[in-house]
1. Note down all Cβ pairs under 9 Å where the first residue falls in segment 14-34 and is farther than 23 Å from Ser163 by Cα and hydroxyl-bearing (Ser, Thr, Tyr), the second is at pLDDT 95 or above and surrounded by fewer than 18 Cβ atoms within 10 Å (Cβ to Cβ), and they're at least six residues apart or on different chains.
2. How many of the residues in segment 46-80 are farther than 19 Å from Ala124 by Cβ and either touching a residue at least 12 places away in the same chain (Cβ under 8 Å) or within 13 Å of the chain's Cα centre (by Cα) (or both)?
3. Quick check on my filter: what residues within segment 132-156 are part of a loop (DSSP other than H, G, I, E, B) and not acidic (Asp, Glu)?
4. Does Val41 qualify as being farther than 15 Å from Ile65 by Cα, at pLDDT 80 or above and assigned to a loop (DSSP other than H, G, I, E, B)?
Amino acid sequence: MASKKIEDAAVDVEAGVRSQADEATKVINTHVAMSAGFGLVPFPIVDVVAIGGTQYKMIGELARIYGQDASQERIRSAVISVLGGGVPTLLNATMLSSLVKGVPVVGAFLGLALLPAMAGVTTAALGRVFAQHFEAGGTLLSLDAKVIRAHFQAEFEALKEKSAKKPAASVNDAELVAA
């Protein structure tokens, strides 16, 4: 009798964890699509601000799914600690993609090709890193910057490589998150 109750409790816990992971995947997919969409905004800088806001919102939603305190200050600190040394590289690539849109004719096409892909990959990697951190019982305050930063870089490179191997039309948000 007691073993049946323990077994049932284990099944309930597993279902709860699975449902959190499924909900997190949906949140990440939604925000990857939003980020990529904001990459299509034709106005330089506005697109980058919208993408950053989308990423902050995603992390806040992921934190809430896993029962974490999601104040803006904690989210900001966590993102800075994750991206850390990668911020200049990512910002330079993202800003360059955004600013290229200002070049007449050719720039618009290049910017529209580069920024949505960069935004989607960055958002997917960031979402996956935070979801995995929360699933493991981590909090916004318990981030080990070096470990998380290395994990983010590995996710980012893997997703970037995966998206580069497929034609843009065949890479969808679920494939990025499921990778």
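The values are calculated or read from the model by the stated rules, or taken from the named source; none is laboratory data. Being a predicted model, the structure only gives us computed values, none of them experimental. In this analysis, Cβ positions are derived from the backbone assuming ideal geometry, glycine residues included, and neighbour counts consider all displayed protein chains.
1. Qualifying pairs under 9 Å: none.
2. Residues that pass the stated criteria total 7.
3. Keep residues of segment 132-156 that are part of a loop (DSSP other than H, G, I, E, B), which gives 136-144.
Ala136, Gly137, Gly138, Thr139, Leu140, Leu141, Ser142, Leu143 - these are the residues of segment 132-156 that are part of a loop (DSSP other than H, G, I, E, B) and not acidic (Asp, Glu).
4. Numbers: farther than 15 Å from Ile65 by Cα: yes; at pLDDT 80 or above: yes; assigned to a loop (DSSP other than H, G, I, E, B): yes.
Judged against the criteria, Val41 is a match.
Okay, residues lined up against (1) exposed (fewer than 14 other Cβ atoms within 10 Å of the Cβ); (2) at pLDDT 85 or above; (3) assigned to a helix (DSSP H, G or I):
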position: Gly53; (1), (2), (3): yes, yes, yes
position: Leu62; (1), (2), (3): no, yes, yes
position: Ile80; (1), (2), (3): yes, no, yes
position: Leu90; (1), (2), (3): no, no, yes
position: Gly102; (1), (2), (3): yes, no, no
